[in-house]
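Q: Submitted below is the structure of interest, expressed as structure tokens.
The values are calculated or read from the model by the stated rules, or taken from the named source; none is laboratory data. Source: prediction; values computed, not measured. When we count neighbours, we look across all protein chains shown, and the Cβ atoms used for this are built from the backbone with ideal geometry, even at glycine. What goes into the accessible areas is simple: the full protein's heavy atoms, side chains included, and nothing from ligands, DNA or RNA. Shrake-Rupley method; radii C 1.70, N 1.55, O 1.52, S 1.80 Å.
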Amino acid sequence: MKTILCYGDSNTYGYDPKTGFRYPYKDRWTTILQKRLGNEVLVIPEGLNGRTTCFEDEIRPGRNGFAYLEPCLHSHGPIDLVVLMLGTNDLKIRFQLTPTDIGKAIDRLIRTIKIITPQKRVDQKPAKILLISPPHLGENLCDLPYGEEMGFERGIKYSKRLGPIYEEWARVHQIDYLDGAQYAKPSKLDGCHLTIESHHRLGEAAAVKCGEMLGIKPLQGCH
């Protein structure tokens, strides 16, 4: 059995913008990934609301994705594949980060995965990595209360720049890449968190990509 660790934020956790709680288990993209790849894999969802790549949030402590990554990799090892999707929370106006800054933080996370995962594997090889650039913020963000925290137009513009930057870091590290914005859109309720339909589309796309990386053919008829 192969182990896939999905390391992300609220969109990996499965936050429901309508209720403020969590989507049902069956509707989260990580669950779709599990169902499509079947019993040949164990998918571990490691999503946390508000998680950043590597920046401390003084308003919401414990959200530094870099600080938790190393113990998380040790805890769940041996890991065959890490699916990494972070960066949306870094766009918040209080961090004052550029897309280039966020890309450098992703680089740091990738390097950590490559250093830590071999320590838990008999073959001493690093886990494969699938880097997913997060979906764009919604075009209606400027009309929503949540838009202020995300920087209104700035947040929308910067979110669209993350994809090419992530793709370049994936090329540098010779890892796999998936453009999340091609498959998932945010809810119009807050312009940030995914709809159920987007969870399903992203899960399907991730299953195809992860299946290719691990040599596993996705199952059919799992909807």
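Q: Could you work out the longest stretch of the chain that avoids the trypsin sites (Lys or Arg not before Pro) located in DSSP loops with at most 14 other Cβ atoms within 10 Å?
A: 19-120
Q: For the range 2-81, with the dipole built from +1 on Lys and Arg beta-carbon atoms and -1 on Asp and Glu ones, taken about the Cα centre, which of HIS76, ASN39, THR3 lies farthest toward the positive end?
A: It is ASN39, whose Cα lies furthest towards the positive end.
Q: Related question: If ligands, DNA and RNA are left out, what is the accessible area of GLU139 with a 1.4 Å probe, given in Å² to the nearest 10?
A: 120
Q: Then there's this: For a label point 7 angstrom out from the Cα of LEU189 toward its Cβ, which stretches of the range 11-45 have the backbone nitrogen within less than 17 Å?
A: 11-29
Q: Which helices count as membrane-span-like in the chain under these terms: full DSSP H, at least 20 Å along the axis by C-alpha, Kyte-Doolittle mean of -0.5 or more? Mind dumping the intermediate values first?
A: Numbers: long enough: 99-116 (26 Å, 0.30); 153-173 (31 Å, -1.09); 196-214 (26 Å, -0.04).
In the chain, the long hydrophobic H runs are 99-116, 196-214.
Q: On average, how much accessible surface per residue is there in the chain, in Å², for a 1.4 Å probe, leaving out ligands, DNA and RNA? It would help to have the intermediate numbers written out before the result.
A: Working: 10280 Å² over 223 residues.
That works out to 46 Å² per residue.
Q: Moving on to the next point. Which entries in the list LYS35/LYS209; LYS114/LYS157; LYS104/LYS160; LYS35/LYS188; LYS26/LYS185; LYS157/LYS185 go over 21 Å, if you measure between the two C-alpha atoms of each? Please report the intermediate quantities before stating the final value.
A: Values: LYS35/LYS209 14 Å; LYS114/LYS157 31 Å; LYS104/LYS160 16 Å; LYS35/LYS188 28 Å; LYS26/LYS185 19 Å; LYS157/LYS185 15 Å.
Those over the limit are LYS114/LYS157; LYS35/LYS188.
Q: Continuing with this model, one more query. Assuming R0 = 25 Å, can you tell me the calculated FRET efficiency for the pair LEU219 and HIS74, based on Cβ-Cβ distance, to the nearest 0.05? Working shown, then result.
A: On the way: r = 31 Å, r/R0 = 1.23.
It comes to 0.25.
Q: How much net charge surrounds ASP101 when only the other residues with a Cβ under 13 Å from the Cβ of ASP101 are counted, with Lys and Arg +1 and Asp and Glu -1? Write out the running numbers ahead of the final one.
A: On the way: positive: LYS92, LYS104, ARG108, ARG161; negative: ASP90, ASP107.
In short, +2.
Q: Can you give the helix-only mean residue ellipticity at 222 nm for the chain, where every DSSP H stretch with n ≥ 4 adds -39500 (n - 2.57) and the sum goes over all residues, rounded to the nearest 500 deg cm²/dmol? Intermediate results must be reported in sequence, preceding the final value.
A: Working: 7 runs with 87 residues, N = 223.
So the helix-based figure for the chain works out to -12000 deg cm²/dmol.
Q: Just to be sure I understand: of the beta bridges DSSP finds with both ends in the chain, what percent are antiparallel, rounded to 5?
A: On the way: 2 of 23 bridges.
Here the antiparallel bridges make up roughly 10 percent for the chain.
Q: With Cβ to Cβ distances under 14 Å as the rule, what net charge do the other residues near ASN140 carry (K, R +1; D, E -1)? Mind showing how you got there, number by number?
A: Working: positive: LYS185, LYS188; negative: GLU139, ASP143, GLU148, GLU153, ASP190.
Net charge in that neighbourhood comes out at -3.
Q: By how many nm would the segment from GLN96 to GLU212 grow when fully extended, if each residue of separation counts as 0.36 nm and the alpha-carbon distance is taken off?
A: On the way: separation 116, 0.36 × 116 = 41.76 nm, distance 3.73 nm.
Stretched fully, the GLN96-GLU212 segment lengthens by 38.0 nm.
Q: Also: Rounded to the nearest Å, what's the spacing between the alpha carbon centres of the range 1-78 and the range 152-199? Just the number, please.
A: 16
Q: Taking the range 75-174, how much of its Cα-Cα pair set, in percent, is spaced more than 19 angstrom apart? Each step should come with its number before you reach the end.
A: Values: 2358 of 4950 pairs.
Roughly 48 percent, once rounded to a whole number.
Q: Could you state, as a whole-number percent, how many of the C-alpha pairs of the range 24-66 are farther apart than 17 Å? Intermediate results must be reported in sequence, preceding the final value.
A: Numbers: 429 of 903 pairs.
In whole percent, the share of Cα-Cα pairs in the range 24-66 beyond 17 Å is 48.
Q: Quick check of the Kirkwood formula: for the chain, what is the inverse mean of 1/r over all pairs of different Cα atoms, in Å? Could you put the intermediate results ahead of the total?
A: Numbers: mean 1/r = 0.0577 Å⁻¹.
So the Kirkwood estimate lands at 17.3 Å.
Q: Taking K and R as +1 and D and E as -1, what net charge do the other residues with C-beta under 10 Å from the C-beta of VAL82 add up to?
A: Values: positive: LYS114, LYS128; negative: GLU46, ASP80.
Summing Lys and Arg as +1 and Asp and Glu as -1 gives 0.
Q: Per the 1.4 Å probe, what fraction of the accessible area of the chain, in percent, lies on carbon and sulfur atoms? Can you show the working numbers first?
A: Numbers: 5350 of 10280 Å².
The nonpolar share, carbon plus sulfur, comes to 52 percent.
Q: Can you compute the modelled spin-label distance between GLN174 and ARG111, with each label point 7 Å from Cα toward Cβ, in nm?
A: 1.8
Q: Let me ask another. What aspartates and glutamates does LYS18 reach when the alpha-carbon gap must be under 13 Å and sequence neighbours fewer than 8 apart in one chain are set aside?
A: ASP190
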